[in-house]
Structure formats: C-alpha cells, structure tokens
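Shown next, in structure tokens, is the structure this report addresses.
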Amino acid sequence: MNRSLRPLAATALIFAIAYAIAVMQFPSMFSTRVLGNFLTDNAFLGIAAVGMTFVILSGGIDLSVGAVIGFTGVLIAVLVSWAGLHPLVAFAMAIAVAGAFGATMGLAIHYLQVPAFIVTLAGMFLARGGASVITRDSVPINHEFYAFVSDLTIRLPGGGRLSMIGLSMVAIFIIGALIAHRTKFGSYVYALGGNPVSASLMGVPVARTTVAIYALSSILAAISGIVFSLYTSAGYPLAAVGVELDAISAVVIGGTLLTGGYGFVLGTFIGVMLLGLVQTYIIFDGTLSSWWTKIVIGILLFLFIVLQRLIFVASAPGEKAARA
Amino acid sequence: MPDQQYALEARGIVKIFGNHVALDKVDFGLRPGEVHALLGENGAGKSTLIKILTGAYQPDGGEVLANGAVVTLNNPQHAQTHGIGTVYQEVNLLPNRSVAENLYLGHQPTRFGFVDRRKMERDARAVLARYGLNLDPSSELGAHSVAVQQIVAIARAVELSGKVLILDEPTASLDRNEVERLFDIIRDLKASGLAVVFITHFLEQVFAIADRVTILRNGKLIDTKSLDDLTRTDVVRLMLGKDIAFSGATMLEENRPLGEVLLDFKGYGKKRSVHPFDLTIHKGEVVGVAGLLGSGRTEMARIMFGADAADEGSVSVAGKPTSITSPTDAIAHGFGFCPEDRKAEGIFGDLSVRENIVIALQGKLGWFSALTRDEQMEIAGRFGESMDIRAASLDMPIKLLSGGNQQKVILSRWLATDPAFLILDEPTRGIDVGAHAEIVRTINRLRDEGLALVVISSELDEVVAYSSRIVVMRDRELVAELNGENINPGVIVQAIANHRDGAQA
C-alpha cells in the first residue's frame, strides 16, 4: 500500500473498532439520531480542521483558529443585535475581516521569515483581545433568520436529524478535498510541506501560496465561528478557547504528518469523528469525568505520532534507494 | 556572427560579495550539442557563475547572452523560459509527491480548473520511457533510488527548458553503474543538440563525458580548452595553479626517528563513503592528506573521529584494539577534530569565546563536574594568550571574530582536553596571512610536543611544509602514501592526477 495511505487506513480502522466497541456497550449509539448529532455537534470543529489541514500540510501551524472563531461570533452578534444588520450581511463582513486577517499573517510568515507558530500566536492574542474589547459579556442573537436556519433539518429514518450546519461541514470537507487533491493550488500546498526550497526552485509561487493558505484557514475559522454562533445563538469573546488544539489533534489523528507534505482531507474528517465519538461515549457512560476525553485524545495523539514516526522514518526512502 | 555559435554565453562577468571578488571578468561560452565541464576547487567561483547563469544571482558587471541576445535573468523560473534548466547536487524535487507531479508541478494539464491527473500520468509515462525508465508515474518519488530521482530531475529540466541543461555535481551520490546510466542519458541529450554544463569533482568523469573544459581559480578564468588537448595532469595543474616545472623548492622534513605507534587503522572504511584504508600514525608525527575536493578527504577524517561510524576494518589505539563509533568514544581516547566547515560544524556562533573553548573539556568531564566560571576564565585566558586569540573580550560572541581567530578558538577547545591525536580539516582555509602563519606554527609546535596530527589541506606547499608523510586521496580511496625527501607539490599533483587502470568511465 502507498506509504501515505497507511496512517489514513489506521485512522479509519481505529474509528471502526472504537465505534464497534461503543455500539456493543451502548447499542443505542448505532442510530441515525446519534450520527446526525455527531455531525451537528462537531460541525464548527470540523470546518476549522479543514483549514488546519491545509496549514499543516504546508508545514505550518495556525494557533489563531479558536480566537478567530470567538472574534467572529462576537462580531456577528454585535452587528446583528446592536447594529441591526441582517445576519447574512454580518456573515459576509466577518468572512472578509477574517480573510484579511489570515492574509496578513501569511504575509508576515513569508516576508518576515517568522515561524508560523509565532505569527499565529500573536494573531491569537490579537483576535481574542479584539473580541474582548468589543464586549466582555455574552451577546445573545435573536433574529428570525437564526430560527429559520435551525429549523432547516432533514429528517432521517430512525428519528435522526441532519441539520443545516452538519451538512455545511460535510460540504466544506468535500470542497476542501477537491481543492487539496485536484487543483494546482493543492499541489503547491503539498510541495511547500515537502520541501520549501525545492518548491520555490520548481517555480511554486511560494508567497502567494503561503498567503492563500493562511487566508483560507482564517476564512474557514470564520465560517466555523458562524456555525458556532448559529449553534449557540450568541457571541461570547471567550468562546472556542483551545479549539485550535482540538483541530490540530483531529488533523494529526487523521493521518496528516505534523511536519507537512503528507495527509488527506478525508483523514481529518475521520479524525474529527473519532474525537466526537470519544465525547459521545463519555456522555453515554455518564459516570466518567469529561476530562477523560482529554486523556483519550492525548493517548490517540501519541499513538499516531509514534505510528507516523514508524511509517515515515523506518521506511525512509534514502536507505532503500542507496541499495537500489 | 561568431556569437551565434553559443547557446549560452557569459561575457566579462563580475560578481562582488562585500569586498570579496567572487568572479573577476569571467567569460564562458556553451555550444549546442556539447558537454562542457566546469572545474575549480572550492571557492573558485563555479557555483557563483552557475547561479548567475540560472538567474539566482545578478552579475555586478558583464552580460549573459542566450542565443546571441543579451538577456537579464531575474530568477531560475525566468531562466527556464530562456531554455535554461538546472539540476542540483541534492535532488531538488518533492519526495512526498508522485513522479508525474514532480515532472509537471506548476505546469500540470488542467480540465475545468482541476488537474487532469490521467493525462499528466500518460504524458509522464511517455517522457520517462524516453529516458529508459519504466515506472509507475503515480508512485511516490521518494520510493525510488537517488539515481532515478536524478533522472526525473533531468527529465523535468529538459521538458521545461530544452536548450541548456546545467548539471551541478549530479553524480555526487551515485555508484558506478548509476553514473554510467546517467552518462548514457547525457550522451543522448547531447546528440539531440542540447548544450550541457557539467560540474563535478571527479576528473575521471570529466574525461569520460565532456568535450571541453573551463577552469576557474580564485574567481578568475584560467582557461577554456578542448579536452582532447589536455592530460589529467594538465587539468590538475590548472586547477591547483601549481607550476610543476618550477616547484620542488620545499621539501618534506628530513626523516626523523618515529615515535611509538599511536593509532593503527586496518582496512578501515565505510560503504559509499570511503574505501577501506590502512594508516598507521605515530606520536610526534604530522600526516598530511592531499586530494581534490570530494576525493574522500573529509569523509576519512569523519570516520577516524567517529562522526560517521566505520562499517568495516579495525582500529587500535596505543596497541589496544578498540572501536570508535561516535565522537564521544573518540574524545575519550583523546582525539580532537577541527572540521572543514567552521561556521556550521565548528563554532557555536552565539556563545562566547570562553564557552566555545571550554565546551569540549566540559563534555569530556560529564554532567556532574561543571567547570566554575573562574576555572573557565582561567582556561580560556591561558589559551587566549598562548594562541594569541585577538578578541576584545573572552565574553564576546565568537561569531564576531575573524575566521583565523575562530580557528584558533577551535584549536584551543581541543588543546584544553589535552589530546593525543588531532584531526585538522582545512585549518587554514579562508583566514588571513597572519593567522595562517600562527596556525602553521602551532601545528609544528604540537608535533614537537609529541601529538599525532592528521592535517587535510588543499594548500600543497603548506602540506609539504609541515607533514612528515603525505597520503593522497582520489575517488574516495587512499591511493598513495608519499615518504622521503623528494616530495614536492609537483609529485603530489602527479599522484592526485594519476590515471588508475580500469577506472570508472
């Protein structure tokens, strides 16, 4: 099997086994209701994780995601509840602001040659701080559009509901996969993650690609913020703290190499679902502290980092090549 | 128009870095359908010239002409549009992507905005077939051997440019069969009218494949000649700038009684790095190592020091068989190593002179017997004085010192560990005349104190001046050991250039 497919297969296998174990213990977990809620409850994380997948594939990291989600929520709440704008207008403005924000981080990373870690850390403080300056409190959103969207669901046989926001996550995953695997831009992202020096010598527009990657990540974080605001019907400056770390975990558990160059958008989807499964299991169990989620995620992450090490270092091509 | 004979031409190229003239009015002409070797020792200006021809650098003077017309090359991509493609020493492709994508990245065929992978792989298969490669274009590039990757890189360069192909040390990591395969491809490309620039340190390969040769030395053009008119010795002489007829003034030290045997390497070597060699080193002896760059000199030094572990042969220290598989082993036996690339492998640029001096001693002492600051100052001060290290303060960062003073600090670092055996790789490269003399004096003093030294140097006069014996490396093999009174730079040049029977084509 192709080397880069192995972590993806491992993720899928672990998800299947974990789900089977969960269903054996709680048969009711195998229902359209649980599956539908899976998508809805993890939609904002999934959308942010798609952006994070691009960033990590290119060999970077984006720590500002959670803060951008929080900022977007507050911005929308303020624009809708205080300024009286239509939510769709507020959404467009939030996406534009986030796009400019991400592009600026991309510019700084490329032209100032500052590690993405540092730049996006600064971005995180800026966005979180900006949200808190606008308001310290949770701002509720009462708008008929919000009620309308939350009523938009598809009924599934067995009593489950497929919500608008769950579907939008699936759509974004599909679009993300097409961009990553089928376009020139996607191949440039992988090229940057593989070897930035080679990439620039091969004519990859490094500056443009870097800016686009971070703009994309922030735009998806903004969409994630929109989904989060639809989900909670409020904007709160301290919302989604640490979501960037969950997104990174989902990407890595989904089989993307943390150093970039290898991975699949589909893997991230399974990664997000696996995280959701762990959470749902703990809710079903009822006796376990919710902190067990963190412990399980920690174990999974560690497992996948070791697995990647084994796959990508043990079979380093250079050794084989030397003898060939 | 005589210009029209050149596919690519450089006229009077000048390139200055700071106050160092890297290229001084260099002319270079490349005809279609020829393989043109570019030779010169490190620092001769080869890579600077290549970077100008590929648009990576802009010349400070002179002009570049493609097909007789003056062109300004802004960057490698721009050079590509003028038909100039380059393949670098390390394969600059993407091992994480498919072979087909590596061939076409940035130029993928698209349909409705999406990459048409099927067409790309079909095209790739056809291109690879022309290079005698029958492999799956959708396979990961990293899964293939370096030789195959190198061929893919050439295929990409030819596909995207198509007139001039610059090969910068393409054979550095290939074995003989792979080199032969590469040469077949180069011959085919040449027959199809491509102009090829070939850079290598292997003279055998130059004579096997090249039609003409241009030799650079210290940023100056020495000569461009047809290889039919040249012998190996001529080429080496032009590269090193030693006029054999007039040298011979310097002699080796007269034979002196040898000290006891300190080190005995038997059949010591490492696959793909250095052929097994035998070398006995006595106390109070300086063994000079001569050879062209890339001849395996540095690799030999690294194996001796355990920086790369040998995979065959044995070594004994003072008569006792032992094994040296890491620098820690070597240091425990009293070895020291001043590497060639001082900035990358020698100094800790941001640490102070004092810290740079005591670090090897501290490493030897271990974690639990830390040197106090006073002890450090005392040691650093002692060497600062005896080695005449010129620094405003021993607490200033070493990167602010001149190359010569940095070298003295590294020497001091090892001398502080009270070594029995020192390996110096190009100890005098890139340092000023005063420091140069100081280091040569130190080498002589250490020998008289009973240390064993191995000194690698491209400065043949210098090697002859302080060595008791000289070993000559060629093609990663120890090919000669020169002893006695009649050793002069001329003899060494002869030994370096000597044609080996059944040598690689």
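What the phi angles of the stretch B:343-352 give under the Karplus curve with 6.51, -1.76 and 1.60, with θ = phi - 60°, is a coupling list of 5, 7, 10, x, 8, 9, x, 8, 7, 6 Hz, glycine and proline written as x. With the helix formula -39500 (n - 2.57) applied to DSSP H stretches of n ≥ 4, chain B reaches a computed 222 nm mean residue ellipticity of -10000 deg cm²/dmol.
Charge dipole of the protein assembly as shown (Cα centre as origin; +1 on each Lys and Arg Cβ, -1 on each Asp and Glu Cβ, all else neutral): 2340 debye, rounded to the nearest 20. Near B:Gly259, the amide H atoms lying under 5 Å from its own belong to B:Lys283; only residues 5 or more places off or on other chains count, and H is placed 1.01 Å from N.
Put simply, the C-alpha atoms of the stretch A:3-315 give a gyration tensor, and the ellipsoid matching it has half-axes of 29, 28, 17 Å, longest first. Computed from phi, the 3J(HN,Hα) profile of the stretch B:259-265 under the Karplus parametrisation 6.51, -1.76, 1.60 (θ = phi - 60°) reads x, 6, 5, 9, 10, 9, 8 Hz, with x in place of Gly and Pro. Gyration tensor analysis over the Cα atoms of the stretch B:113-218 returns equivalent ellipsoid semi-axes of 28, 16, 12 Å (largest first, whole Å).
Please go through the stretch B:112-146 and write out the chymotrypsin sites (Phe, Trp or Tyr not before Pro) that DSSP classes as loop and that have at most 10 other C-beta atoms within 10 Å.
B:Phe112
Only DSSP H runs of four or more residues enter the estimate; each adds -39500 (n - 2.57), and after division by the residues of chain A the mean residue ellipticity at 222 nm equals -24000 deg cm²/dmol.
Sort B:Ile357, B:Ile52, A:Ile21 by Cβ crowding within 10 Å, fewest neighbours at the top.
Least crowded to most crowded, the residues run A:Ile21, B:Ile52, B:Ile357.
Averaging sequence separations of C-alpha pairs under 8 Å and six or more residues apart, then dividing by the length of the stretch B:257-333, give the relative contact order as a whole percent. Worked out over the stretch B:257-333, it gives 34 percent. Ordered by the number of other Cβ atoms lying within 10 Å of each residue's own Cβ, fewest first, A:Phe101, A:Phe44, A:Phe26, A:Phe15 fall into the sequence A:Phe26, A:Phe15, A:Phe101, A:Phe44.
For A:Leu63, the residues whose amide H sits under 5 Å from its own are A:Thr120, A:Leu121, ignoring neighbours fewer than 5 places away on the same chain, with H placed 1.01 Å from N.
Among the residues of B:128-141, the average count of other protein chain beta-carbon atoms within 10 Å of the residue beta-carbon is 1. Across the stretch B:27-169, the mean sequence separation of Cα contacts (distance under 8 Å, 6 or more residues apart), normalised by length, yields a relative contact order of 29 percent.
The protection proxy used here, the mean number of other Cβ atoms lying within 10 Å of each residue, ranks peptides B:117-125, A:287-295, B:374-382 as follows, highest first: B:117-125, B:374-382, A:287-295. Within the protein assembly as shown, antiparallel bridges make up roughly 60 percent of the DSSP beta bridges whose residues both belong there. Where Rh is the Kirkwood radius over the Cα pairs of the stretch B:349-418, the temperature 4 °C and the viscosity 1.567 mPa s, what D in µm²/s does Stokes-Einstein return? Rounded to a whole number, D works out at 110 µm²/s. Angle, helix B:353-365 long axis vs. longest principal axis of chain B, Cα atoms, 0 to 90°, nearest 10? In chain B, helix B:353-365 runs at an angle near 70 degrees to the longest axis. Pairs from the table (B:Lys271/B:Lys408; B:Lys25/B:Lys408; B:Lys25/B:Lys399; B:Lys15/B:Lys163; B:Lys220/B:Lys408) lying more than 28 angstrom apart at Cα are B:Lys271/B:Lys408; B:Lys25/B:Lys408; B:Lys25/B:Lys399; B:Lys220/B:Lys408. Residue-wise HN-Hα couplings along the stretch B:117-122, as the Karplus relation 6.51 cos²θ - 1.76 cosθ + 1.60 with θ = phi - 60° gives them from phi, are 5, 5, 5, 4, 6, 5 Hz; Gly and Pro carry x. The alpha-carbon of A:Lys184 sits under 20 angstrom from the alpha-carbons of these lysines, leaving out residues fewer than 8 places away in its chain: B:Lys119.
Across chain A, the relative contact order, built from alpha-carbon pairs under 8 Å that are at least six residues apart, equals 35 percent. Annotation: average projected area of chain B is 27.3 square nanometres, based on the convex hull of Cα atoms across all directions. Look at the stretch B:107-116: the mean tally of other chain Cβ atoms within 10 Å of its residues' Cβ atoms is 3. Taking the alpha carbon gyration tensor of the stretch B:2-245, multiplying each eigenvalue by 5 and rooting it gives semi-axes of 32, 21, 16 Å, largest first. Each 10 Å bin from 0 upward holds the following percent of the Cα-Cα pairs of the stretch B:80-174: 17, 49, 30, 3, 0.
Here B:Lys266 is the anchor, and the lysines within straight C-alpha reach of less than 16 Å, apart from those fewer than 8 places off in the same chain, are B:Lys320. Length, then width, then depth: along the principal axes, the Cα atoms of the protein assembly as shown run 100, 74, 50 Å. Averaged over peptide B:143-150, the number of partner chain Cβ atoms lying within 10 Å of each residue's Cβ comes to 4.
Here, each number is a calculation from the coordinates, and none is a lab measurement. On a predicted model such as this, the values are computed, not experimentally measured, just so you know. Don't worry about glycine lacking a Cβ; one is built from the backbone with ideal geometry, like all the others, and counts go over all protein chains shown.
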